[in-house]
Amino acid sequence: MVSAGISWNSKTQLHFIPKNERLNAQGNQELLADGLLPDCELLYPDGNFIFQQGGARPHTAVGTIAVLNERAPAVIGPREWPAFSPNLNPCDYRLWAYGEREVYKNGNIATADELHQRIEVASICLHRFLVCA
């Protein structure tokens, strides 16, 4: 599993979840605190960013919301997020769709290492217009 973030002018680093590991609330909180939020702080040192996640349980857990409220300057939280509306999340309809096309454009993948490498290459090739669109 891979986690990443995009904004109108940039993207975070990719954060790979170890194979056979599910992302639960605690894991998501660690991912936020140690990965995605520090990435956002580097991209926006003035703190001028709004953080948004989908409605999955790890994203809406009380502890996750607490981490976001403590670290992110502004959050689009579960109350502001329309139910059953994944297409409002730019990562779902832009980043992951693009990534899937890029990763599989040269055919099937034989190993987890090859998949990891192709995901990294697709991330590097992510064009500014895709992030800015």
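The values are calculated or read from the model by the stated rules, or taken from the named source; none is laboratory data. What you are looking at is a predicted structure, and each value in this text was computed from that prediction instead of being measured. Don't worry about glycine lacking a Cβ; one is built from the backbone with ideal geometry, like all the others, and counts go over all protein chains shown.
For the reader, a short list of remarks on this structure follows.
Yes or no, residue by residue, for (1) among the hydrophobic types (A, V, I, L, M, F, W, C); (2) within 22 Å of Trp96 (Cα to Cα):
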{"position": "Gln26", "(1), (2)": "no, no"}
{"position": "Leu31", "(1), (2)": "yes, yes"}
{"position": "Asp39", "(1), (2)": "no, yes"}
{"position": "Ile50", "(1), (2)": "yes, yes"}
{"position": "Gln53", "(1), (2)": "no, yes"}
{"position": "Ala56", "(1), (2)": "yes, yes"}
{"position": "Val62", "(1), (2)": "yes, no"}
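- Identity of the residue in the stretch 62-75, surrounded by 15 or more Cβ atoms within 10 Å (Cβ to Cβ) and touching a Phe, Trp or Tyr at 6+ places or on another chain (Cβ under 7 Å), that ends up nearest to Pro45 (Cα to Cα): Ala72
- Restricting attention to the stretch 1-59 and to residues that are surrounded by fewer than 16 Cβ atoms within 10 Å (Cβ to Cβ) and charged (D, E, K, R), the residue that is farthest from the chain's Cα centre (by Cα) turns out to be Asp46.
- Failed item in (1) within 27 Å of Thr111 (Cα to Cα); (2) free of Cβ contacts under 8 Å to residues at least 60 places away in the same chain; (3) β-branched (Val, Ile, Thr), with Val2 passing the rest: (2)
- Scanning the stretch 79-117 for residues that are modelled with pLDDT under 85, outside any helix (DSSP H, G or I) and either more than 20 Å from Leu14 (Cα to Cα) or among the small types (Gly, Ala, Ser) (or both) returns Arg79, Glu80, Trp81, Pro82, Ala83, Phe84, Ser85.
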